[in-house]
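The values are calculated or read from the model by the stated rules, or taken from the named source; none is laboratory data. Bear in mind the structure is a predicted one, so any value in this text is a computation, not a measurement. So basically every Cβ, Gly included, is an ideal-geometry build from the backbone, and we count neighbours across all protein chains shown.
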Amino acid sequence: MLFLRKLDPKKDISNKYKKWMNDKEVHKFSAQKLKKHNLSSIRKYVKEMNNSKNEILLGIFIKKNNKKDHIGNIKIGPINFFYKTAYISYFIGERNLWKKGYGTKAIKEVIKIAKRKKIKKLKAGFVEINPSSKRVLEKNGFKKEGILRSEEEHKNKRYNAFIYGKVL
């Protein structure tokens, strides 16, 4: 069973979480790879997100054998309250759980949360060499809305990025 909840800066910030944040493979398609993270910087970020008025950071948890296991994060934000739109971003930190449907399920749950917050449209972006993100977004009804040509560089080669959206 998968569920989302706000992260507790004291209880949920672990060495496992720090390892994900510094894992170049986990974050090869995100700006997180540009930073070096430690437990203190992660706790500070989680506290900032928990106090934010226009961003919602949630941990992705699975429950197995009566144990709750933190496997990644998903964020709604920034939220534009005037237009009732928001971006989402997400990652599964546990590599052994990639391609098991957890990203798809997390987005399905975050859509429900966004609707309760009266958000009318969600957007997400990904680079073309990340087909997993494309699949999880399309499985949740997101449609391609734009192409940002030669937007990102990976291993000295330029790639397009895509913006996908879903009207709620």
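Which residue is surrounded by the most Cβ atoms within 10 Å (Cβ to Cβ), if the candidates are limited to segment 139-159 and must be of a type in the set (Asp, Glu) and touching a residue at least 24 places away in the same chain (Cβ under 8 Å)? Explain how you work it out, then say what you get.
Looking only at segment 139-159, we keep the residues that are of a type in the set (Asp, Glu), and these are 145, 151-153.
Now drop any that are not touching a residue at least 24 places away in the same chain (Cβ under 8 Å), which leaves 151-152.
On the way: GLU151: 15, GLU152: 18.
Step by step, filter segment 139-159, then rank; the result is GLU152.
ASP8 versus (1) in contact with a strand residue (DSSP E or B) (Cβ under 6 Å, 6 or more places away or on another chain); (2) at pLDDT 95 or above: which is the lone unmet condition?
For ASP8, the exception is condition (1).
Which condition breaks for VAL136 when tested against (1) crowded, with 17+ Cβ neighbours inside 10 Å; (2) on the phi > 0 side of the Ramachandran plot?
The single condition VAL136 does not satisfy is (2).
Got at least one residue in segment 69-82 being assigned to a loop (DSSP other than H, G, I, E, B), surrounded by 12 or more Cβ atoms within 10 Å (Cβ to Cβ) and in contact with a His (Cβ under 9 Å, 6 or more places away or on another chain)?
Residues of segment 69-82 assigned to a loop (DSSP other than H, G, I, E, B): 81-82.
If we keep only those that are surrounded by 12 or more Cβ atoms within 10 Å (Cβ to Cβ) as well, we get 81.
Subsequent filtering for residues that are in contact with a His (Cβ under 9 Å, 6 or more places away or on another chain) retains none.
Within segment 69-82, none of the residues are assigned to a loop (DSSP other than H, G, I, E, B), surrounded by 12 or more Cβ atoms within 10 Å (Cβ to Cβ) and in contact with a His (Cβ under 9 Å, 6 or more places away or on another chain).
Can you pull out every residue in segment 83-97 that is in contact with a helix residue (DSSP H, G or I) (Cβ under 7 Å, 6 or more places away or on another chain) and either among the hydrophobic types (A, V, I, L, M, F, W, C) or in a helix (DSSP H, G or I) (or both)?
If the condition is that a residue be in contact with a helix residue (DSSP H, G or I) (Cβ under 7 Å, 6 or more places away or on another chain) and either among the hydrophobic types (A, V, I, L, M, F, W, C) or in a helix (DSSP H, G or I) (or both), then ALA86, ILE88, ILE92 are the ones that fit.
Just name the residue that is surrounded by the fewest Cβ atoms within 10 Å (Cβ to Cβ) out of those in segment 107-125 that are assigned to a helix (DSSP H, G or I) and of a type outside the set (A, V, I, L, M, F, W, C).
Checking each candidate, the answer is ARG116.
Which condition number in (1) among the charged types (D, E, K, R); (2) more than 19 Å from GLY125 (Cβ to Cβ); (3) assigned to a loop (DSSP other than H, G, I, E, B) is the one that LYS19 fails?
With respect to (1) among the charged types (D, E, K, R); (2) more than 19 Å from GLY125 (Cβ to Cβ); (3) assigned to a loop (DSSP other than H, G, I, E, B), LYS19 is out only on (3).
Quick check on my filter: what residues within segment 56-83 are more than 12 Å from the chain's Cα centre (by Cα) and either under 19 Å from GLY125 (Cβ atoms) or hydrophobic (A, V, I, L, M, F, W, C) (or both)?
Answer for segment 56-83, where residues must be more than 12 Å from the chain's Cα centre (by Cα) and either under 19 Å from GLY125 (Cβ atoms) or hydrophobic (A, V, I, L, M, F, W, C) (or both): PHE61, ILE62, PRO78, ILE79, ASN80, PHE81, PHE82, TYR83.
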